[in-house]
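Some notes on the structure that comes next.
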Amino acid sequence: MKSIHVWGAACLVAGLTAGVTYWGLHEWMEGREKPPMLSPDIVADYLHAVIEAQRTVYSTNVVDPLQEKGIQAEEHWKQQKALPLPAQMVLDGGRLVAETGLGIKYRLASLTPIYVWNAPSTDFERQGLEAVAKDPDKPFKGFIRIGRDRFFQAVYADRAVSQTCVSCHNTHINSPKKDYKLNDVMGGIIVTIPVTDK
């Protein structure tokens, strides 16, 4: 009878030891620093901040001062040996980012585009451009599907940050709107980020 009690006590101690060890290891593993997870909403805001800052710097610190010195920004800048327009910097940057294979994309779009390929390509984009035209300080965001793939998309107001933007749109032969002023919303910057369902 005494050996049953010893075995019982030994099993109880072994079980408690195993349980406490498992619990301790589990808590230690859970307490380890996990890599931060950023929501696609935050990632889109970060990307937009960089895109907007780069374009504003290029427009106000490069294009505007050089135009005052006679060096122009032109649509056909390569052929004319001129500076690229600020919008071209954004569009070309967006093309290069798309070529990385990461699935991230950004582009300029407008409800009154100079070229049809800069019009909204989905209902979501159209709704976003309409929303930021009414409330430029509030981006239009949501999840979309393209085929079987899921994406997060955000539309941010695109303002005329320099006189170069205003002049180009107001004088371009294809422009359907010719009365833009500095800081007017001209369209939107659309950021698209792939989202996994895992």
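The values are calculated or read from the model by the stated rules, or taken from the named source; none is laboratory data. This one's a predicted model, so the numbers in the text were calculated from it and none came from an experiment. Every residue, glycine as well, gets a Cβ built from its backbone with ideal geometry; the counts of neighbours run over all protein chains shown. Just so you know, the surface numbers come from the protein's heavy atoms only, side chains and all, with ligands and any DNA or RNA stripped out. Shrake-Rupley method; radii C 1.70, N 1.55, O 1.52, S 1.80 Å.
Is there a residue in segment 149-162 that is outside any strand (DSSP E or B) and either open to solvent by 70 Å² or more (accessible area, probe 1.4 Å) or aromatic (F, W, Y) (or both)? No, because not a single residue in segment 149-162 is outside any strand (DSSP E or B) and either open to solvent by 70 Å² or more (accessible area, probe 1.4 Å) or aromatic (F, W, Y) (or both).
Counting the residues of segment 59-110 that are open to solvent by less than 30 Å² (accessible area, probe 1.4 Å) and in a helix (DSSP H, G or I) gives 6. Taken as a whole, segment 125-136 holds no residue that is polar (S, T, N, Q) and either open to solvent by less than 70 Å² (accessible area, probe 1.4 Å) or closer than 23 Å to V50 by Cβ (or both). Against the conditions (1) open to solvent by 100 Å² or more (accessible area, probe 1.4 Å); (2) closer than 22 Å to D179 by Cβ; (3) among the aromatic types (F, W, Y), Y115 satisfies every one except (1). Applying the condition of being at pLDDT 90 or above and not in a strand (DSSP E or B) to segment 183-198 and asking which residue is most open to solvent (accessible area, probe 1.4 Å) yields N183.
In segment 44-58, of all residues being under 25 Å from Q153 (Cβ atoms) and without any contact (Cβ under 8 Å) to a residue 40 or more places away in the chain, the one that is surrounded by the most Cβ atoms within 10 Å (Cβ to Cβ) corresponds to Y58.
Checking every residue in segment 170-180 against the condition of being under 26 Å from the mean Cα position of the chain (by Cα) and open to solvent by 40 Å² or more (accessible area, probe 1.4 Å) gives zero matches.
For I144, the conditions (1) within 24 Å of D64 (Cα to Cα); (2) assigned to a strand (DSSP E or B); (3) of a type in the set (A, V, I, L, M, F, W, C) are fulfilled apart from (1).
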